[in-house]
Structure formats: C-alpha cells, structure tokens
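Asks: Input: one structure, supplied below.
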Amino acid sequence: MAEFFRSRAGKQCLSVMALGATLWISGALLDVDSWLVSFMSGLENYGADEFVLALGIAGGMSFIYSALRIGDLRKETQLRGAAQARADWTATHDHLTKLPNRYAFERKILPKPARQDGDVPEGAKSNVTIFSVDLDGFKKVNDLIGHKGGDVLLVEVAKRICALGNADCVYRFGGDEFIVIALGMTEAREEWFAKVLIQAVTRPILIDGFAVEVGASVGYDRWNEGAEPLEDAAHRADLAMYEAKSRGPNHHLIFQPSMQDKVTERASLESKLRGAIQNKAIKTYYQPLIDLRSGRLCGFEALARWTDEDGIRIPPPVFIGIAEETGMITELFENLLTQACSDALAWPDDVRLSFNVSPVQMEDKLLPSRIFKVLAASGLPAGRLEVEITENALIQDPAIAAYILDELHKAGVQIALDDFGTGYSSLAQLARYRFDKIKIDKSFIATCREDEKQEKIVRAMLALGRSLNIKTTAEGVEEHAQLAYLLPLGCDIGQGYLFGKAMPAAEAGIFIENQISSLAFTA
Ligand code: C2E
Ligand code: CA
Ligand code: CA
C-alpha cells in the first residue's frame, strides 16, 4: 500500500484525498449538524450524495496514509540514527583492534571514573595519568611474519593492555602506539604500572606456531586537569616515551621538563638545517687517503661541514641524522655531491673522490640515477667516484641495496664498505655483495696496539681483505707507531690525522701541490 502511494498515480489519488480531507476537516470545524442538513438537502437537488460519500472515503484513506507515513518516517529516523552511530564509531575507533583512536581522544570521550580504589590515598584519587606505549622492533616483526601476522600481534597487544585492571581506557593512536589512561594512581603505582605494561606487551605471542616477541617503551605523565587539554598530557607522555626508547628497548620514564627542552632545541636545529641546505651553506671538506705502499695521495673522502649562523659547528653525525630522519638527506646529498664532483675535477686523474651514502639512501631505488645525473652534469668520470656505505645500510632492504650496488658497479663506480667490523654481520655482507674496498673502523686502529684481541682482529681483517682480493683502508691513523704497525701487515690505504684532517677544497688543492713538489724533490 505504501508503495502505491509513492507512485505517480498514487500521488494524484492523494491530491484528491487531501482535498476531501480538507473539506472533511472544515466540515468538522463548522457547525456540522445544521450545515450538513442544509448542504445535503441542497445536494440532493443536484443528485450529488455519492460525491459526499466519496469525500468521506477519501478522508478516511488520507488518515490511513498519514498513519503509514508516520510509521515510515519513524523507521527512517531509526535507520538514520543507526547509520550515524556507525559513522561515529568508524570515525572514533581503530578497525583492527576496535580500540578508540586519536580522534576519540581529542574529542575527549573520557571514561567515567570507573573505580576509585578504596585504599588509594585521598590526594591520588582524582589523578589522571596518561601512559604512552610504543612497541620496540615491531617493524622487524612485521617484515618477518608479514602484515597479517603484524595485525594479529597488534590485536593481542591491545587485548593484553585492556586486560590490565588499572587501564581505564585504552586508545590506539596509530601504528604501534597506544595511549592508556589510568585514574587515581600514586607516583609509586604509576611506575609499577609502567613496568606492568612492558611485561604484558613483551610476553611472547604465538602467531602461526611461532613465538613472536616485541619490546615496549613507556612514557607517562599526569594531566593537569582543568589547566590544560588532555592532549597536552599525552604529548608529554609521548616525549617521555621517545626518551625511554632512545635508551634501548623496554625502558619506562616519567616526563621531565628537560625532555621538552631537547625537543625544542631539536626543532630549532631542524629548521636551521632546512635553511642551510636551501642556501647551500653546508660545505664539503676533504680528508686525504694515502696509498701506504707508495706514500702517495690516492683519494679524498668528502666530509660534510656545517657552521651555523651563530658560528657554532654542528657535528656531522648530528645534522646528517636529522637530515636522514626528515627526508632532507636526498637534497643535501645532491648538493654536496655536486660540490665535490666539481672540486674533484681539479685533482689529478688518479685521485679518487670517496663519498658517504647514508643507510636511508640505500632504500631509495632512484639513488643510482641521482648519482649518474650529478656525474653527467659535472663531467667527472664514474670511475673516479667511490661510494662508502656502512654494513647497517645493507640490512634494511637487502634486495634494493643489491640493486643499487649492482647499478653503480656496472657504471664503473667503486664501492667501499665503511666502518667495517662495527655493524651487523660483517662477514655475511662480504659474501653477499661485491666490494672494492673495506675500511677498518678507527676504533680497532686506536686500540690494536694495546689490546691483544683487537690486534688479532685487525690482522684477521687485513688477511681477509687480501684473500678476497679487496683493498683495505685503515681509518683513524693518528700516530707513526700505528703506521709502522700497519705497514708490514699489508694494509693498502691509510686515513687519519697523521696524514691530514678534512680540509676545504682550496687547502686540498695545496695538499696536492705539496705532494707533487715533494715527489719532484725526491725524484
Ligand atoms: P666516517 O665516514 O667514518 O668518516 C670518518 C670520520 O672520522 C670523520 O668524522 C673524520 O673526521 C674522522 N676521522 C678521520 N681521521 C681521524 C683520526 O685520525 N682520528 C679520529 N678520531 N677521527 C678521525 P666526521 O667528519 O665527524 O664524520 C663523522 C661521520 O659523519 C662520518 O663517519 C660519516 O658517517 C658521517 N658523514 C660525514 N659527512 C657525511 C656526508 O657527506 N654524508 C653522509 N651520509 N655522512 C657523512
Ligand atoms: Ca666514510
Ligand atoms: Ca668510517
């Protein structure tokens, strides 16, 4: 019936009915009796009593229609309400773990204080403490067991956190980060709870028959209720969590104001670095590489140097690290390589340019083409460039790393394994990839003469290089005694303060001149 009334014919019929209803209602409003009698008698004269009957029926049908329509509307409102509730839930919850998300937290859908432990001291009763929990090593687990396995792990972690009696509300803030709100805790209980959170997360989780383990870093702080939004407390808990994470897996820390200072400092440095890269204020310096057999210069390692606007020298590991984390490394790399290639053109042909490539760049498939573009623009032959990569750069994505090294090799670029012996699985890397050179880390060279074990390791590394037909460079040679020790062991190249520190391009030119004139003098 409702369907009929929705059709075109039904609508026309409705119009007639509505007219009838209007008349009917008008009739009801007037002095019905007298009016009806005179009206009927009038109508009888015209033979129209059937018309009145029709009007009555129409009025009745209109009433039924209205009742149906009201029913329809109620149903529609219910459906709309349900859809709205579903949309609300979707917007405020994480689909995987079914936990409320960051948006829910920002909308302050706060739990009602569910319990207030009777044995909690008076002062602690109204405390709201925010805990930030971030998994350690989740990415590795994800890589190992796949994303489906990673999802199972996240769901289990969420369940475990929720199962902790003291967690009044648990949110998933994205990725592997969870926020827990706890009420009415004393300081001692907060610390205890941070430990419990770590224990709960780090217990092995059985996925597809494998016992999988992740770590957890926890930071926490109290909410200054009434004085700040809840997000501020979550932000401080986050800062404490990052600081805890920087100390290694499974640490927990309460927020300290110094953590905020560190972040502010870092943000300011990041913005200065952005400006320095744009203005090309970071320069390449060159440290000589000496062929230990001939005593002649065989190359320069380009090392980045940055003195900020206040005249402060920022150490390369600091600004390179920030550039890596913020994605600025590609632009910095291209700027520096362009500078270095143009400087290297002024050097003799047998003096090679060594250039450092960051581990994050080894995940960039476009790296070879970026390098070739700079080489082509500068006119430096590929054979005069050597790229230095660390062992850690090879484990992030071995397939891309293999592709990059292959492309560079094919073009004639040489590859050196930097800081050899300090990273992961050095020997496995040697077997897997082709290297032209290994650079023994300066920590071995510094101690090899005093420490018997280190001495044996250096000997073994040099022997390894010889047997694999890979040249060896000793880094950090500072003293004549170290040089005298390395020479008979067959080390090929030396680098260190004994031969020269990293210097600007102009000084590198003078260094070359001096070499040439001293050769002429000895000849
Ligand atoms: P690295 O590649 O191992 O560079 C050698 C570091 O050892 C340089 O430090 C150099 O100044 C220092 N060094 C050289 N000889 C001696 C010595 O006899 N004694 C001691 N104690 N140190 C010596 P620097 O320039 O501070 O660079 C540190 C690290 O920063 C580099 O280690 C490299 O990993 C990174 N780095 C520097 N420039 C660049 C760059 O342009 N790109 C990338 N990706 N990384 C860079
Ligand atoms: Ca290097
Ligand atoms: Ca090195």
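The values are calculated or read from the model by the stated rules, or taken from the named source; none is laboratory data. Fair warning: this is a prediction, and the values are worked out from it, not measured in the lab. Here Cβ is always computed from backbone atoms with ideal geometry, including for glycine, and neighbour counts include all displayed protein chains. For the accessible areas, the whole protein counts, side chains as well, though only heavy atoms, and no ligand, DNA or RNA atoms are used. Shrake-Rupley method; radii C 1.70, N 1.55, O 1.52, S 1.80 Å.
Asks: What are the residues whose amide H is under 5 Å from the amide H of residue 491, where those residues sit 5 or more places off or on another chain and H is modelled from the backbone?
Replies: none
Asks: Any of 280/442; 453/501; 365/442; 75/148; 139/471 with alpha carbons more than 32 Å apart? Name them for me. Walk me through the intermediate numbers first.
Replies: Working: 280/442 30 Å; 453/501 28 Å; 365/442 30 Å; 75/148 40 Å; 139/471 35 Å.
Distance filter (> 32 Å) returns 75/148; 139/471.
Asks: Roughly how many Å² of residue 52 are accessible to a 1.4 Å probe, to the nearest 10?
Replies: Near enough 40 Å² of accessible area.
Asks: Give the percent of DSSP beta bridges with both residues in the stretch 102-255 that are antiparallel, rounded to the nearest 5. Spell out each step's value before the answer.
Replies: Details: 23 of 26 bridges.
Antiparallel bridges make up about 90 percent of those DSSP assigns within the stretch 102-255.
Asks: Step through the residues of the stretch 220-237 one at a time and calculate ³J(HN,Hα) from phi using the Karplus curve (6.51 cos²θ - 1.76 cosθ + 1.60, θ = phi - 60°), rounding each to whole Hz and writing x for Gly and Pro.
Replies: 8, 7, 7, 8, 7, 4, x, 9, 7, x, 4, 4, 4, 5, 5, 5, 5, 4
Asks: For the stretch 276-522, what class follows from the C-alpha gyration tensor (a ≥ b ≥ c being the square roots of its eigenvalues): rounded when a/c is under 1.5, otherwise prolate if a/b is larger than b/c, else oblate? Each step should come with its number before you reach the end.
Replies: Working: a/c = 1.44, a/b = 1.14, b/c = 1.26.
Here the stretch 276-522 falls in the rounded category.
Asks: While we're on this one: Treat each spin label as a single point 7 Å out from the Cα along the C-beta direction, and report the residue 411 to residue 246 distance in nm.
Replies: 3.6
Asks: Now, a different point. Give me P(r) over the stretch 102-255, computed from all C-alpha to C-alpha distances, binned every 10 Å, as integer percentages.
Replies: The calculated distribution, bin by bin, is 11, 42, 33, 12, 2.
Asks: I've got another one for you. Just check the stretch 170-317 against the gyration tensor rule for me: Cα atoms, a ≥ b ≥ c as the square roots of the eigenvalues, rounded for a/c under 1.5, and otherwise prolate or oblate depending on whether a/b exceeds b/c. Intermediate results must be reported in sequence, preceding the final value.
Replies: Working: a/c = 3.35, a/b = 1.75, b/c = 1.91.
Oblate shape, in that a/c is at least 1.5 and b/c is the bigger or equal ratio.
Asks: Please compute the contact order of the chain in relative form: average sequence separation of alpha-carbon pairs under 8 Å and at least six residues apart, divided by the residue count, as a percent.
Replies: Numbers: 743 pairs, mean separation 47.1, N = 523.
Dividing the mean separation by the residue count of the chain yields 9 percent.
Asks: Let me make sure I get this right: for the stretch 293-378, a, b and c are the square roots of the gyration tensor eigenvalues over alpha carbons, sorted descending. Under 1.5 in a/c it's rounded, otherwise prolate if a/b > b/c, else oblate. Which is it?
Replies: Values: a/c = 1.89, a/b = 1.28, b/c = 1.48.
Note, shape of the stretch 293-378 comes out oblate.
Asks: Turning to a different aspect of this structure: Hey, what do the phi angles of the stretch 499-512 turn into as Karplus ³J(HN,Hα) couplings, whole Hz, using 6.51/-1.76/1.60 and θ = phi - 60°, x for Gly and Pro?
Replies: 3J(HN,Hα) across the stretch 499-512, in whole Hz: 8, x, 7, 5, 9, x, 3, 5, 5, 4, x, 5, 4, 5.
Asks: Full-extension gain between residue 106 and residue 210, please, as 0.36 nm times their residue separation minus the C-alpha to C-alpha distance. Don't skip to the end; give the middle numbers.
Replies: Numbers: separation 104, 0.36 × 104 = 37.44 nm, distance 3.71 nm.
Net length gain for the segment: 33.7 nm.
Asks: Relative to the longest principal axis of the C-alpha atoms of the chain, give the angle of the C-alpha long axis of helix 138-163, reported between 0 and 90° and rounded to the nearest 10°.
Replies: 50
Asks: Pop a pseudo-label 7 angstrom from the Cα along the beta-carbon direction at both residue 278 and residue 456 and give the gap in nm to one decimal.
Replies: My value for the distance between the label points is 5.7 nm.
Asks: Using a 1.4 Å probe, what is the accessible area per residue for the chain, in Å²? Kindly include the intermediate steps, with their values, before the conclusion.
Replies: Numbers: 27960 Å² over 523 residues.
So the chain comes to 53 Å² accessible per residue, rounded to a whole number.
Asks: May I pose another question? Which FRET efficiency value, to the nearest 0.05, do you get for residue 466 and residue 159 by plugging their Cβ-Cβ distance into 1/(1 + (r/R0)^6) with R0 = 56 Å? Let's see the in-between values first.
Replies: Values: r = 56 Å, r/R0 = 1.01.
That pair, residue 466 with residue 159, gives E of 0.50.
Asks: Follow-up. To the nearest 20 Debye, how big is the dipole of the chain about its Cα centre, given +1 on the beta carbon of each Lys and Arg and -1 on that of each Asp and Glu?
Replies: Taking the Cα centre of the chain as origin, the dipole is about 900 debye.
Asks: Sticking with this structure for a sec: As I understand it, the value is the acute angle between the Cα axis of helix 32-46 and the longest principal axis of the Cα atoms of the chain; what does it come to in degrees, rounded to 10?
Replies: 80
Asks: For residue 410, list the aspartates and glutamates whose Cα falls under 15 Å from its own Cα; do not include residues on the same chain fewer than 8 positions away.
Replies: Filter leaves 386, 436.
Asks: Can you give the extra length, in nm with one decimal, that the chain gains between residue 143 and residue 75 once fully stretched, where that is 0.36 nm per residue apart less the Cα-Cα distance?
Replies: In short, 19.6 nm is gained.
Asks: Nearest 500 deg cm²/dmol is fine: what mean residue ellipticity at 222 nm does the chain get from its DSSP H runs of n ≥ 4 alone, each adding -39,500 (n - 2.57), divided by its residue count?
Replies: Details: 18 runs with 279 residues, N = 523.
When only DSSP H runs of four or more count, the value is -17500 deg cm²/dmol.
Asks: Sort out the exposed loop chymotrypsin sites (Phe, Trp or Tyr not before Pro) in the chain (DSSP loop, at most 16 other Cβ within 10 Å) and tell me the longest stretch that has none.
Replies: Free of exposed loop sites, the longest segment is 1-423.
Asks: Can you work out the Karplus-derived ³J(HN,Hα) for every residue in the stretch 430-439? Use 6.51 cos²θ - 1.76 cosθ + 1.60 with θ = phi - 60°, whole Hz, and x for glycine or proline.
Replies: Here the 3J(HN,Hα) series is 5, 6, 7, 10, 9, 10, 9, 7, 10, 10 Hz.
Asks: Next question. Considering only DSSP beta bridges whose two residues both sit in the chain, what percent are antiparallel, to the nearest 5? List each step's numbers first, then the result.
Replies: Details: 37 of 63 bridges.
So the antiparallel bridges amount to about 60 percent of the total.
Asks: Taking all protein chains in place and a 1.4 Å probe, what share, in percent, of the accessible surface of the chain do carbon and sulfur account for? All intermediate terms of the calculation are to be shown ahead of the outcome.
Replies: Values: 15990 of 27960 Å².
Carbon plus sulfur share of accessible area: 57 percent.
Asks: Which longest uninterrupted range of the chain lacks any GluC sites (Glu not before Pro) assigned by DSSP to a loop state (not H, G, I, E or B) and surrounded by at most 15 other Cβ atoms within 10 Å?
Replies: Working: sites that count: 213, 225, 309, 450, 478, 479.
For GluC sites (Glu not before Pro) (loop position, at most 15 other Cβ atoms within 10 Å), the longest site-free span of the chain is 1-212.
Asks: Amide H of residue 252: which non-local residues (sequence gap of 5 or more, or other chain) have their own amide H closer than 5 Å, using H built in the peptide plane?
Replies: 218
Asks: Quick one: which residues, 5+ away or cross-chain, put their amide H under 5 Å from the amide H of residue 136? H built at 1.01 Å from N.
Replies: 215, 216, 217
Asks: If you consider only alpha-carbon coordinates, what radius of gyration and Dmax does the chain have, in Å?
Replies: Taking only Cα atoms of the chain, I get Rg and Dmax of 38.7, 145 Å.
Asks: Also, quick follow-up: Using +1 at the Cβ of each Lys and Arg and -1 at the Cβ of each Asp and Glu in the chain, identify which of 488, 171, 311 lies farthest towards the dipole's positive end.
Replies: Result: 488.
Asks: Let me ask something else. Which value, in debye to the nearest 20, describes the size of the charge dipole of the stretch 102-255 about its Cα centre when Lys and Arg Cβ atoms bear +1, Asp and Glu Cβ atoms bear -1, and nothing else is charged?
Replies: It works out to roughly 320 debye.
Asks: Kindly express, to the nearest 10 degrees and within the range 0 to 90, the angle between helix 452-467's C-alpha long axis and the longest C-alpha principal axis of the chain.
Replies: The helix 452-467 is inclined about 90 degrees to the chain.
Asks: How much accessible surface area, in Å² rounded to 10, belongs to the heavy atoms of residue 98 with a 1.4 Å probe?
Replies: Accessible area of residue 98: about 120 Å².
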